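The values are calculated or read from the model by the stated rules, or taken from the named source; none is laboratory data. Since the model is a prediction, treat every value here as computed from it, not as a measurement. FYI the Cβ positions are ideal-geometry reconstructions off the backbone, even for glycines, and counts take in every protein chain you see. Only protein heavy atoms, including side chains, enter the accessible area calculation; ligands, DNA and RNA are left aside. Shrake-Rupley method; radii C 1.70, N 1.55, O 1.52, S 1.80 Å.
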Amino acid sequence: MDINLPALFGQLLIGLINGSFYALLSLGLAVIFGMLNIINFAHGAQYMMGAFVAYFLLQFAGLNYWWALIVAPVIVGGFGILIERAFLQWLYKLDHLYGLLLTFGLALVIQGLFRHQYGSSGLPYQIPPQLTGVRDLGFTFLPNYRAWVVVFSLVVCLGTWFIIEKTRLGAYLRAATENPTLVRAFGINVPRMITLTYGFGVALAALAGVMAAPIYAVNPTMGADIIIVVFAVVVIGGMGSIMGAIVTGFGLGVVEGLTKYFFPEASNTVIFVIMVIVLVTRPAGLFGRAA
Amino acid sequence: MAQAAQQITAPAEASSHKSEVIAFAIMVLVLAVLPYFVYPPFLMKALCFALFACAFNLLIGYVGLLSFGHALYFGWASYFAAHLAKVGKISIPYWAGSWQWLTITNSPMVPELAIFLAVIGAAVLGFIAGSIAIRRQGIYFAMITLALAQMMYFFALQAPFTGGEDGIQPVPRGYLFGLFNLANERIMYVFVLVVFLLGFLLIYRVIHSPFGEVLKAIRENEQRAISLGYKTDRYKLVAFTLSAAIAGLAGAIKPFVVQNASLTDVHWSMSGEVVLMTLLGGLGTIFGPVLGAFTIIAMQNYLAGFGQWVTIIQGGIFVLCVLLFRRGIIGEIANLLRIRL
């Protein structure tokens, strides 16, 4: 088999980019599930909202990409906090499935509203001028923006891991996941922590959306299909481990990229096939604890 | 605990059975008279979805399994039936020095055979997907079934016989058992109604059988069912396969009704719709899914001109049902009248 190196590296790079989004999104899902015991089906819609808010900021407020990276997650995260206060807080004592159903309904409403307003064709979003252009690596060309996405999302993922696993705040979070009543007895406001956790998870999705805006066009349906792939990623990695979510996300992105090169027909399905193989061989997931 | 108390204070078995029989008689009567007042093709479509929702409800309502990918069985059975009735070519690959295709049949099939084979196909798919998905519980089960359905959606997009974006059309209705001309709208309606009622009664029978009692035990407390010696995984797999087969039956008659099979029926949004129908009508009620299906299909029909608002309203109904009416319409009525429906 002749291997066309530039094409292979091109697909690998796209795989790494997709992997960045998988990692950010599955990380958010895992953080939310850990605290709220809810699978946030609206995660894809919130990712899409991040991209749209970045677009609005540029169009109507003149705030560029760099501002959007900070402002969009704050706005969408704030929206998430409203959702948690208005809807999710009533579900904690019910079966987990109701959280999935409610957030699925929210996703339909959000996506429907955006499609109603903006149709299903994409809106363009320019790459910031500081990151245009490509770098010649000798064997292939590396677009600066794509390198930035991979590096920045890696930094965000590791930062989140650090906060949750190594800081005092993270210790409270992990303790509240294990035994909320006891943590409350120590005088910590657990309900507020739950609200903020949801806001943080949603903000992560929005951040991924902002980063995705210049790569894929800003599109109302951009979150609908990726969320199902992210579910498969979460099943493969298991939601017990933050680092597991990050590693699985990037890893599966790369595998998907390789598949696009070697066997393009299967590129849409490869992650699902891997999920089946993992379920058959290691039912608890790669990093999961047995249920 | 509250649920257990409710179970004990529920009306005695005999009287609750009576309310179900009366409700069933009313349903049959309404469905027999309705075509004189309502456009029959709409009713037939609604009946297909009603049976689909009943099959889905068998899992969520009586085993406590949320399959978020039931469009897989509905949509693929629809493709199978449409293909068999229109083209009828079945080929299997075999090895003779190199891979060859052995064509078993190559002519359009009669409706009853096409439907039968489509149901078998859906059951096989259900058995395979079920054996993978039951390896994990609860929320993971929902995510796995959704992911498997999405995988099969991509296969449907790429498989040679499904027609990709175009789907399979037009599907001929043909003669049932060589006698009944299904092109006649009235005969077609009777056929769809009979299939629906047979599927409905089968589900009713299953729910009230000893097997169904074990399923309910698994729903209430799987650990205890295991400790009582039941191999719960086997029960779940049989229930899953059965549900997939009945969903497949609903999907297999649909191409004869609407005369096409398309990607819409295998898409995740269809899986979401059947969840919505069941939730709106009442999870774990016998008649809820039927009412829910008719309500949602009617809404889609009358709001068809409003584009995205259908999706927005459906999402809103999801939110309202989960927050305020978790029993669903029929569940609320049954609770109010203190009967079982």
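Among the residues of the range A:84-97, are any under 26 Å from residue A:211 (Cα atoms) and either of a type outside the set (D, E, K, R) or within 10 Å of another protein chain (Cβ to nearest Cβ) (or both)?
For the range A:84-97, residues under 26 Å from residue A:211 (Cα atoms) and either of a type outside the set (D, E, K, R) or within 10 Å of another protein chain (Cβ to nearest Cβ) (or both): absent.
Could you check the range B:155-213 and list, in sequence order, the residues that are within 14 Å of another protein chain (Cβ to nearest Cβ) and either more than 22 Å from the chain's Cα centre (by Cα) or crowded, with 18+ Cβ neighbours inside 10 Å (or both)?
Result: B:156, B:158, B:159, B:160, B:164.
Find all pairs meeting these conditions: Cβ atoms under 6 angstrom apart; at least six residues apart or on different chains; first residue within the range A:1-12 and farther than 15 Å from residue A:263 by Cβ; second residue at pLDDT below 80 and open to solvent by 50 Å² or more (accessible area, probe 1.4 Å).
Note: pairs meeting the criteria are A:5/A:139.
Here is a list of conditions, (1) more than 10 Å from chain A (Cβ to nearest Cβ); (2) in a loop (DSSP other than H, G, I, E, B); (3) within 24 Å of residue A:42 (Cβ to Cβ), and residue B:280 meets all of them except one; can you say which number that is?
If we test residue B:280 against (1) more than 10 Å from chain A (Cβ to nearest Cβ); (2) in a loop (DSSP other than H, G, I, E, B); (3) within 24 Å of residue A:42 (Cβ to Cβ), just (2) comes out false.
If you go through the range A:116-165, how many residues are surrounded by fewer than 15 Cβ atoms within 10 Å (Cβ to Cβ) and among the hydroxyl-bearing types (Ser, Thr, Tyr)?
3
If I filter the range A:68-82 for residues that are open to solvent by 10 Å² or more (accessible area, probe 1.4 Å), within 14 Å of another protein chain (Cβ to nearest Cβ) and in a helix (DSSP H, G or I), do I get at least one hit?
Yes, there is a match, as at least one residue in the range A:68-82 is open to solvent by 10 Å² or more (accessible area, probe 1.4 Å), within 14 Å of another protein chain (Cβ to nearest Cβ) and in a helix (DSSP H, G or I).
Could you list, ordered by first residue, the pairs with Cβ atoms under 6 Å in which the first is in the range A:211-236 and within 14 Å of chain B (Cβ to nearest Cβ) and over 17 Å from residue A:103 (Cβ atoms) and the second is of a type in the set (D, E, K, R) and open to solvent by 20 Å² or more (accessible area, probe 1.4 Å), at least 6 apart or interchain?
The qualifying pairs are A:220/A:115.
Which number in (1) open to solvent by 10 Å² or more (accessible area, probe 1.4 Å); (2) part of a helix (DSSP H, G or I) marks the one condition that residue A:283 misses?
Of the numbered conditions (1) open to solvent by 10 Å² or more (accessible area, probe 1.4 Å); (2) part of a helix (DSSP H, G or I), the odd one out for residue A:283 is (2).
Looking for something within 30 Å of residue B:258 (Cα to Cα), assigned to a helix (DSSP H, G or I) and in contact with a Pro (Cβ under 8 Å, 6 or more places away or on another chain) - is there at least one such residue anywhere in the range B:200-215?
No, because not a single residue in the range B:200-215 is within 30 Å of residue B:258 (Cα to Cα), assigned to a helix (DSSP H, G or I) and in contact with a Pro (Cβ under 8 Å, 6 or more places away or on another chain).
Which ranges mark the helices (runs of 4 or more DSSP H) fully within the range A:112-188 that have 1 or more residues being touching a Pro at 6+ places or on another chain (Cβ under 7 Å) and in contact (Cβ under 8 Å) with a residue 24 or more places away in the chain?
A:144-166
Would a scan of the range B:111-128 turn up a residue that is on the phi > 0 side of the Ramachandran plot, assigned to a helix (DSSP H, G or I) and within 12 Å of another protein chain (Cβ to nearest Cβ)?
no
When the residues of the range B:283-306 are narrowed to those that are farther than 24 Å from residue B:40 by Cα and within 14 Å of chain A (Cβ to nearest Cβ), which ends up least open to solvent (accessible area, probe 1.4 Å)?
Only one residue tops the list, namely B:284.
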